[in-house]
Amino acid sequence: MKKIVLLVAISMSIISCNKTPEAKEYKTAYIDTQKMMEDYTEAKELDEKYKTKGEVMGRELEVAAKNLKAEMNGFQQNAMAKGQAWAQQKGAELQQREQQLQYAQQAMMQQLQGESGKEMDTLVKSVKQLIKDYGKEKGYDYIYGTGDAATVLYAKDSYDITKDVVKMINEKYAAKPKTEEKAAEKK
């Protein structure tokens, strides 16, 4: 009898050791973040805004550069006729203006990068929050990101929710009152 009880106890312990714990099923998905930002209306508008702003600022610098180039061409023609002292003074002045033009171009680029960087950071924060809300609403345990900074090396296409999220954030953006329209109405 002792042998049977001992045998049953050993059998039970072996069976309990072989039993694998049940794995919890997680609902997961991924978003192609690069594609999402390419298709997101607000991101496109932000990109276009700074592209246009850069072109406008660039045109102003182009005019100044053309004027400077014309003066430099005139300088070369007049240098012989007006003498060495004039040529040295005018040459130094033109060189200083060329340097100022380069500084202005660098300052413009830094200004554009700074402004667009701040707005893009705000946009990214907002999109992250929208994705978080979307995940909670749809019952996801994890939503991964792919794109430039890939955190998913492989996933089935059926887990790709990029289109759904792009649609959702574009709808939310379209429903959001535009601050520029409000500013124009005040004027």
query = Taking the condition loosely packed, with under 10 Cβ neighbours inside 10 Å and at pLDDT below 90, does LYS24 pass?
reply = yes
request  = Return yes or no: is ALA150 surrounded by 10 or more Cβ atoms within 10 Å (Cβ to Cβ), over 19 Å from ILE31 (Cα atoms) and modelled with pLDDT under 90?
outcome  = no
inquiry  = Filter segment 106-147 down to the residues that are of a type in the set (S, T, N, Q) and open to solvent by less than 70 Å² (accessible area, probe 1.4 Å) and list them by number.
reply    = SER116, SER126, THR146
remark   = Over segment 89-126, the set of residues more than 17 Å from GLU60 (Cβ to Cβ), without any contact (Cβ under 8 Å) to a residue 24 or more places away in the chain and polar (S, T, N, Q) is GLN89, GLN95, GLN96, GLN99, GLN113, THR122, SER126
query = Does ALA43 qualify as being of a type in the set (Gly, Ala, Ser), modelled with pLDDT of 85 or more and within 30 Å of MET120 (Cβ to Cβ)?
reply = yes
task = Answer yes or no: is there a residue in segment 59-73 that is among the basic types (Lys, Arg), assigned to a helix (DSSP H, G or I), surrounded by 15 or more Cβ atoms within 10 Å (Cβ to Cβ) and within 41 Å of the chain's Cα centre (by Cα).
result = no
Residue list for segment 29-47, filter: in a helix (DSSP H, G or I) and of a type in the set (Ser, Thr, Tyr) = THR33, THR41
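The values are calculated or read from the model by the stated rules, or taken from the named source; none is laboratory data. If you're wondering where the values come from, they're calculated on a predicted model, not measured in any experiment. Note that we place each Cβ from the backbone using ideal geometry, even for glycine, and neighbour counts take in every protein chain shown. Remember, those area values only see protein heavy atoms, side chains included, never the ligands or the DNA or RNA. Shrake-Rupley method; radii C 1.70, N 1.55, O 1.52, S 1.80 Å.
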